[in-house]
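Structure first, then comments.
The values are calculated or read from the model by the stated rules, or taken from the named source; none is laboratory data. Just so it is clear, the model here is predicted, and its values are computed rather than measured. Please note: Cβ atoms are built from the backbone with ideal geometry, for glycine as well, and neighbour counts cover all protein chains shown. With ligands, DNA and RNA removed, areas are computed over all heavy atoms of the protein, side chains included. Shrake-Rupley method; radii C 1.70, N 1.55, O 1.52, S 1.80 Å.
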Amino acid sequence: MNPSTNLTITNADHRKLRDHLFPGDGLEAAAILLCARTPGPRVRLLVKQILLVPHSACKERRSDYLVWPGAAIEEAIDLAEADGLSLVLTHSHPGGLFGFSRHDDRSDLLAVPSLFQALGGLHGTAIMTPDGAVLARLYRQDLSPISVESVMVAGDDLTWHWADRKFSPRPTAFTSEATQELGRLSACVIGVSGTGSLVAEQLARLGFGQVILIDFDKIEPRNLNRIVNSTLADAKAQRSKVVAFAEAVTSYRGEGVAVPVNASISTREAVLCASQADVMFSCVDTLDARQIADLLAASFLIPLFDVGVSIPTRRTTGGSAIADVCGRIDYVHPGGPTLQDRRVYDPASLRAEYLRRTAPDAHREEMQAGYLRGVAEEAPAVIALNMRAASACVMEFIARAYPFRHESNAAYARTQFSLAANEEEFFPVESFPTTTIPQFARGDLEPLLGLPALRAPKSEAIA
Amino acid sequence: MPNANTFPPAQDGHFIEVAGLDLVFKPVPLADHTPTGAQIASAAGYSDAQVVTVLHLLANGELEDIRPTEVVSVPQPGGRFVVVVTDRSYRLTIDGKRIDWPAQRISGSILRHLGGVQADKLLYLQRQDKADAVVEDHEFVDLGHAGVEAFYSRARVWILNIQGVRLEVPTPTIVVSDAMRQAGFDTNQGWHIFLKVAGQPKQALELTSVVDLRAPGIEKIRLTPKDVSNGEAAQALRRDFPLLDVDERFLDEHFAQWETVLDNQRRWLLIFGYSVPAGYNEQQVTLGLEVPPTYPGAQIDMFYVFPGLALNSGQAIECTQVQEAICGQSYQRWSRHRSDACQWRPDSDNVVTHLALVESALAKEVQQ
């Protein structure tokens with residue numbers, strides 16, 4: 001299955017758009033979505049900014065008819081030009097028609113060519129009905145249409161509006177209908193090892209249409225205690241983790257579901273593959289990989305589930321003792337507080353991690369001199385703990401896509417559990433600061449994710 | 001307007017065209033299309049045909065001497081003749097075609113005309129013991145020397161020798177960087193560039209300089225790699241990893257040479273010839289900054305200098321005792337860090353802002 005053509009909008013922007021398009025007077029209204037794009041091959045439009053066309057500026061507003069000023073389009077063109085954004089001209093259908101009228105078709109043929117004259121690229125139109133559902137369509141420069149099959153509204157909850165009107169109202173969690181909808185979606189798992197293999201196993205069996213698996217590592221005998229689906233033969237042959245795992249998925253889901261990417265997430269190749277996904281799970285053990293996942297989520301508006309486990313130890317007179325057995329699940333929605341906002345990593349810890357990896361002596365010396373913060377000694381994670389955390393992580397996704405909690409999902413931006421203290425803590429989204437980061441809906445702008453290390457090779461940039 | 005060389009035929013006679021040494025032909029009436037040389041001289045206004053040389057300009061450009069009594073058959077209308085007072089003629093060839101010219105001097109444009117040499121070609125005078133000379137249209141060549149002067153035309157290419165590579169250039173001038181690229185040299189590498197023309201002192205060039213290839217002789221461009229500041233064997237500048245565009249622009253503008261170098265997985269930005277303020281034992285150092293792969297998400301911290309710096313005052317500098325090996329050289333580490341109030345911000349901090357910290361840290365030690 002190829003993942004659908006998609007337009008993604010944050011929940012905050014969706015609310016702003018809906019409030020403007022349905023001001024309460026029952027008349028049509030208009031707005032322009034300024035969208036970045038994923039690098040392809042999949043077409044995903046990422047709403048970066050919304051230009052609201054003032055109601056008073058419209059020449060005529062009726063319940064089934066709207067005349068809006070070209071000057072607003074001009075303003076959007078100016079905003080779109082520098083970063084090559086796509087424009088989606090949007091209006092409301094207060095009567096509830098979830099479709100484009102013949103009148104809409106005619107006006108598209110007038111308005112859309114002028115966008116191509118000004119900007120080139122890929123542009124389109126959309127409508128919104130009072131229930132907040134959005135239907136969009138795109139045009140190529142020759143005015144041939146590209147249908148946008150899904151519109152994702154990403155916030156504390158995850159909602160998909162399908163052009164074919166399926167899964168509306170939203171399916172109930174744990175039903176076959178939910179499984180069918182997941183069959184249209186693509187999930188990306190970054191890190192397919194102790195926790196990642198367990199997350200990927202659940203996602204594949206839940207029914208995701210595509211599971212992109214990203215890991216650079218090979219299976220070794222010492223991994224066999226915690227990577228599901230790995231075999232002695234895999235370890236002996238030193239097979240790549242993702243290739244071996246993809247083979248297992250194929251054995252129970254069939255061809256084409258698993259997409260193995262045998263590369264570090266810090267490479268351009270892997271970032272480009274990850275950018276294609278609808279949702280993302282980061283199951284990594286380094287800070288720089290978490291940073292990449294964080295930047296991917298922001299740049300491509302991909303909801304991110306980040307899971308980590310640790311068994312910190314403390315020194316005792318006789319040796320060392322377990323200080324805690326804990327896990328953490330963070331859900332980052334596009335435009336919300338990032339992993340960096342939550343202090344999962346920061347510029348200093350990223351540098352320290354780099355130094356520890358590349359120059360252990362210098363790292364030790366800087367630690368002793370007090371230039372670097374120390375980290376607690378960690379005991380290796382075990383499959384039982386990994387399973388607990390991986391399950392919590394995937395349940396977090398289900399709760400967002402098919403809400404079942406008694407409380408709002410906003411109360412669960414972070415879940416942290418301590419098996420030593422037998423405690424579970426929940427952090428609401430408001431407990432973290434939200435900083436606006438320059439990568440928000442950055443899309444395919446170079447350098448990828450704003451990191452020079454991921455810049456396109458010079459020859460590719462010219463082509 | 002009719003062309004100067006076309007004219008209506010006379011009603012009851014013929015015209016021929018007559019010119020002097022300038023080859024500007026004018027119509028002259030002549031009621032006979034089988035005139036003698038004397039008749040032509042007379043028609044051209046010369047009374048004494050015996051001292052006049054009459055040359056018939058043939059369609060192929062050759063000049064044929066017509067004796068006074070010789071009858072020449074001319075087409076109707078037409079026939080082009082050069083009529084001059086002279087007592088001798090000078091022999092020359094153009095691209096092998098023999099021409100007897102009735103004057104001692106001849107201009108480039110007349111040679112071109114006689115030889116049918118197109119404007120996109122150059123006309124050369126063949127010379128013994130010397131390089132052949134280009135004959136420009138306005139130039140005159142003296143035919144009075146012994147021997148037959150040989151002229152030849154050649155496609156307009158100019159020859160340029162770049163460090164032993166011979167380039168044929170279709171234009172009379174060329175920009176140094178273009179020429180270097182055509183000859184296969186990397187212009188991003190630091191080069192001293194000199195132009196050498198035989199018999200003249202060498203002349204320093206820049207990549208943007210324009211070389212005029214019309215000067216006589218073959219121009220030669222010599223390249224010498226620029227030395228790196230620490231006197232190591234010169235080499236191409238390394239760009240093992242990219243920085244932000246804003247960094248690269250700043251470095252290009254402010255420093256002659258900088259490199260990004262991967263050394264055992266560690267990633268260094270090295271700035272050569274970095275000037276330090278007065279008061280130190282050195283005036284210039286190589287400055288090193290360590291740039292993690294997740295930069296600018298990851299911060300740059302501290303800086304490193306080679307050779308190590310000491311204060312002229314003899315006072316010790318705090319927190320510079322640690323040495324770090326970078327590309328086999330021992331750099332002095334300056335443990336200088338951002339304050340808590342001024343943390344690294346990934347969206348606004350970069351190499352440029354870190355260099356500002358380096359500058360103030362170096363200045364601080366010598367401000368007393």
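Structure notes:
- The base-10 log of I(q)/I(0) for the range B:293-334, evaluated at q = 0.23 Å⁻¹, reads -0.82 [Debye formula, identical scatterers on Cα atoms, solvent excluded].
- Net dipole in debye of chain B [+1 Lys, Arg Cβ; -1 Asp, Glu Cβ; about Cα centre; nearest 20]: 540
- Applying 1/(1 + (r/R0)^6) with R0 = 22 Å to the Cβ-Cβ distance of A:Asp164 and A:Ser101 gives a FRET efficiency near 0.75.
- Using equal-weight Cα scatterers in the Debye expression, the normalised intensity of the range A:105-155 in log10 at q = 0.16 Å⁻¹ is -0.51.
- The Cβ shell under 14 Å around B:Gly96 holds other residues with a net charge of +1, Lys and Arg each +1, Asp and Glu each -1.
- Taken along its principal axes, the alpha carbon cloud of chain A reaches lengths of 82, 47, 43 Å, longest axis first.
- When you work out D = kT/(6 pi eta Rh) for chain B at 4 °C and 1.567 mPa s, using the Kirkwood radius from C-alpha pairs as Rh and the Stokes-Einstein form, the result is 47 µm²/s.
- Rounded accessible area of A:Lys218 (nearest 10 Å², 1.4 Å probe): 100
- Buried area at the A-B interface (accessible, heavy atoms, 1.4 Å probe, summed, Å²): 2100
- Exposure of A:Met367 as accessible area (Å², to 10), given a probe of 1.4 Å and all protein chains: 70
- Only the Cβ atoms of Lys and Arg (+1) and of Asp and Glu (-1) were treated as charged; on that basis the dipole of the protein assembly as shown about its Cα centre amounts to roughly 1280 debye.
- Normalised Debye scattering of the range A:354-405 at q = 0.32 Å⁻¹ gives log10 I(q)/I(0) of -1.13, counting only Cα atoms as equal scatterers and leaving out solvent.
- Between 0 and 90°, nearest 10: helix A:360-369 axis offset from chain A longest Cα axis: 90
- The accessible area of A:Trp68, taken with all protein chains in place and a 1.4 Å probe, comes to roughly 60 Å².
- Ranking A:Asn6, A:Gly26, A:Leu51 by Cα position along the charge dipole of the range A:1-89, where only Lys, Arg, Asp and Glu carry charges on their C-beta atoms, puts A:Asn6 farthest toward the positive end.
- The range A:1-121: C-alpha gyration tensor shape, a/c 1.5 cut-off, then a/b vs b/c: prolate
- Normalised per residue, the volume of the convex hull around the Cα set of the range A:383-463 (Å³): 192
- Rounded to two decimals, the Cα radius of gyration of the range A:252-319 over 2.2 N^0.38 Å is 1.49.
- Rounded to the nearest 20, the size of the Cβ-charge dipole of chain A about its Cα centre is 660 debye, with Lys and Arg at +1 and Asp and Glu at -1.
- Protein-only accessible surface order, largest first, of B:Tyr90, B:Tyr280 at 1.4 Å: B:Tyr90, B:Tyr280
- Highest average packing first - B:22-30, A:281-289, B:283-291, Cβ atoms within 10 Å: A:281-289, B:283-291, B:22-30
- For the peptides B:320-329, A:83-92, residues were scored by their other Cβ atoms within 10 Å and the scores averaged per peptide; the highest-first order is A:83-92, B:320-329.
- Remark: mean inter-chain Cβ contacts per residue of A:288-296 equal 2, using a 10 Å Cβ-Cβ cutoff to other protein chain atoms.
- Note on B:Ala356/A:Lys218: beta-carbon distance plugged into 1/(1 + (r/R0)^6) with R0 of 56 Å gives a FRET efficiency of 0.80.
- Per-residue [θ]222 nm for chain A (sum of -39500 (n - 2.57) over DSSP H runs n ≥ 4, rounded to 500): -9500 deg cm²/dmol
- Under 5 Å, built H, 5+ apart or other chain: amide partners of B:Leu213: B:Thr173, B:Ile174
- Database remark: amide H of B:Leu143 closer than 5 angstrom to the amide H of B:Arg105, B:Ile106 (H placed geometrically; neighbours at sequence offset of 5 or more, or on other chains; Pro and chain starts carry no H).
- Partners of A:Lys218 within straight-line reach, counting lysines whose Cα lies under 25 Å from its Cα and excluding those fewer than 8 residues away in the same chain: A:Lys236, A:Lys241.
- Stokes-Einstein D for the range A:225-286, Kirkwood Rh over Cα pairs, 10 °C, 1.306 mPa s (µm²/s): 121
- Accessible surface ranking that places the most exposed of B:His138, B:His33 first, with a 1.4 angstrom probe: B:His138, B:His33
- In this simple spin-label approximation, B:Lys196 and B:Leu58 carry label points 7 Å from Cα along the Cα→Cβ vector, and these lie 4.9 nm apart.
- Whether the range A:113-215 is rounded, prolate or oblate, judged on the alpha carbon gyration tensor where a/c under 1.5 counts as rounded: oblate
- For chain A, the longest principal axis of the alpha carbon atoms and the long axis of helix A:241-253 meet at an angle near 60°.
- Peptide A:355-362 has a mean of 4 when you count, residue by residue, the C-beta atoms of other protein chains within 10 Å of its C-beta.
- Cα-based Rg / Dmax (Å) for the range A:59-145: 13.0, 37
- Relative to its residue count, the range A:166-307 spans a Cα convex hull of 109 Å³ per residue.
- Each of A:Ser114 and A:Tyr252 was given a label point 7 Å from its Cα along the Cα-to-Cβ line. The distance between the two points is 5.6 nm.
- Over 15 Å [Cα-Cα, the range B:272-316], rounded percent: 53
- Shape of the range B:315-368, Cα gyration tensor, a/c cut at 1.5: oblate
- Averaged over A:341-354, number of beta-carbon atoms from partner chains that fall within 10 Å: 5
- Ordering of B:101-114, B:341-354 by packing [mean C-beta count within 10 Å, highest first]: B:101-114, B:341-354
- The range A:65-188: antiparallel DSSP beta bridges as a percent of all, rounded to 5: 75
- Net charge of Cβ neighbours under 14 Å - reference A:Ser63; Lys, Arg +1; Asp, Glu -1: -2
- For the range A:293-425, the fraction of alpha-carbon pairs in successive 5 Å shells from zero, as %: 2, 9, 15, 17, 19, 17, 12, 6, 3, 2, 0
- Selection among B:Val197, B:Val157, B:Pro172 by position relative to the dipole of the range B:157-206 gives B:Val197 as farthest towards the positive end (Cβ unit charges, Cα centre).
- Bins of 5 Å, starting at 0 and running to the largest distance - Cα pair percent for the range B:281-360: 3, 14, 23, 25, 18, 11, 5, 1, 0
- Principal semi-axes in Å for the protein assembly as shown [√(5λ), Cα gyration tensor, largest first]: 78, 42, 24
- Applying 1/(1 + (r/R0)^6) with r as the Cβ-Cβ distance of A:Asp341 and B:Ser330 and R0 = 41 angstrom yields a FRET efficiency of 0.50.
- Label zone (B:Arg222, point 7 Å along Cα-to-C-beta; backbone nitrogen cut-off 15 Å) within the range B:143-178: B:161-165.
- Ligands, DNA and RNA are left out, and with a 1.4 angstrom probe the accessible area of the protein assembly as shown is 47 Å² per residue.
- A Cα-only calculation for the range A:46-91 places Rg and Dmax at 11.8, 36 Å.
- Here's the picture: charge each Lys and Arg Cβ at +1 and each Asp and Glu Cβ at -1 in the protein assembly as shown, and of B:Phe255, A:Gly308, B:Gln284 the one pushed furthest to the positive end of that dipole is A:Gly308.
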